[in-house]
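The values are calculated or read from the model by the stated rules, or taken from the named source; none is laboratory data. Computed from a predicted model, the values in this text were never measured in an experiment. We place every Cβ from the backbone using ideal geometry, glycine too, and count neighbours over all the protein chains shown.
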Amino acid sequence: MKEINTRKVAMIGCGFVGSASAFALMNSGLFSEMVLIDADKDKAEGEALDIAHGLPFAKPMQIYAGGYDDIADAAVIIVTAGAGQKPGESRLDLVKKNVGIFRSIMPEIRRRDCGGILLIVANPVDILTYTAAKMTGFPENRVFGSGTVLDTARLKYLLGEHLEVDARSIHAFIIGEHGDSEMAVWSSANVSGVPISHVCEMRGYTDHMDSMRQIEADVKNSAYTIIQKKKATYYGIAMSVVRICEAIVRDEKSVLPVSTIQHGAFGIRDVSLSMPAIVGAQGVEGLMPISLSMDEQRRLQESADVLRDVLGGLDLEDEKTQEAESDTKET
């Protein structure tokens, strides 16, 4: 295993999300080296040049197009490669297309014996996070997805607008699938420690439960709305990628709702979905205990069931065995 360069990031996939994330990371100053990888090498080279030409206005950084051999020493390997979500299409509709793409990407990552964090951003992120963990064989703490980090930011933004308070003072999570079965945890949502229902009443909203349901629906439909209007979403997720990378590079041990394989929380196992987790230099250090009402527990389990049904038809364990046998033969 090659020694990790803590200031290096690799971006696999240079579409809308990959290029926006690369641009946001360049502006963040978190890394001093970034390699862009894409099936279309010209695309990767073009994006690298375009971003690099702005470096005189930013912090010094080496940005270049490369190949899989360049990821071996990267501290963070970000995978955005995959087909984009089209108008009227759910994230789960992308399963067959993007699992197929991962079947070509993940063996390449596995063969490099990387020691960095593998951050999955492509959709459906929960299915692909589970897929990446099984196909690479990496320790689970080093393979996780962007999950509902963006959905949670959308929730905080909309609540901030509704209550006319700074969104940064709002503490609330979207958990479960990054998709149609996701859910807001209202039972513990608060504004600087004050329960959200009390703040709603303080701000003059007596029908706050109806408002909360509408806000939750708006969060869930945000991607569909944006895709309908501009064909793709990428700025919000790019900023979410930067936030996750900050937690890793600075070893912040921040609590973020990233997508990880579950091992018993609320009776959920062997499926990847988003729960509040402690994120630092070693990746996911563990889940942060969160209180859920009985109804919230039921909805979370239903969300897990949706994902488990999809995973059931993928035969990922067999693929991992076949890949390991292939590696042995090549060696």
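Return the total of residues in region 72-100 being in contact (Cβ under 8 Å) with a residue 24 or more places away in the chain and surrounded by 14 or more Cβ atoms within 10 Å (Cβ to Cβ).
Count: 20.
Can you name the condition, by its number, that Leu92 falls short on among (1) touching a Pro at 6+ places or on another chain (Cβ under 6 Å); (2) at pLDDT 95 or above?
Here Leu92 meets the rest and fails (2).
Of the residues that make up region 198-216, is at least one in contact (Cβ under 8 Å) with a residue 60 or more places away in the chain, outside the structural domain of Ile77 (by TED's automatic domain parsing) and surrounded by 16 or more Cβ atoms within 10 Å (Cβ to Cβ)?
For region 198-216, residues in contact (Cβ under 8 Å) with a residue 60 or more places away in the chain, outside the structural domain of Ile77 (by TED's automatic domain parsing) and surrounded by 16 or more Cβ atoms within 10 Å (Cβ to Cβ): present.
Of all the residues that make up region 18-44, how many are out of contact with any Asp or Glu (no Cβ under 9 Å at 6 or more places or on another chain), farther than 23 Å from Arg110 by Cβ and either among the β-branched types (Val, Ile, Thr) or assigned to a helix (DSSP H, G or I) (or both)?
Count: 7.
Can you spot a residue in region 67-79 that is in contact with a Ser or Thr (Cβ under 6 Å, 6 or more places away or on another chain), closer than 30 Å to Lys97 by Cβ, at pLDDT 95 or above and not in a loop (DSSP other than H, G, I, E, B)?
yes
Give region 103-155 a look and list any residue that's on the phi < 0 side of the Ramachandran plot, crowded, with 23+ Cβ neighbours inside 10 Å and of a type in the set (Gly, Ala, Ser), or say none.
Scanning region 103-155 gives Gly116, Ala122, Ala132, Ala133, Gly145, Ser146.
Return yes when Ile237 is β-branched (Val, Ile, Thr) and farther than 20 Å from Leu159 by Cβ and no when it is not.
no
Pick out the one residue from Glu296, Glu246 that is farther than 20 Å from Ala189 by Cα and either acidic (Asp, Glu) or crowded, with 16+ Cβ neighbours inside 10 Å (or both).
Only one candidate passes the filter, namely Glu246.
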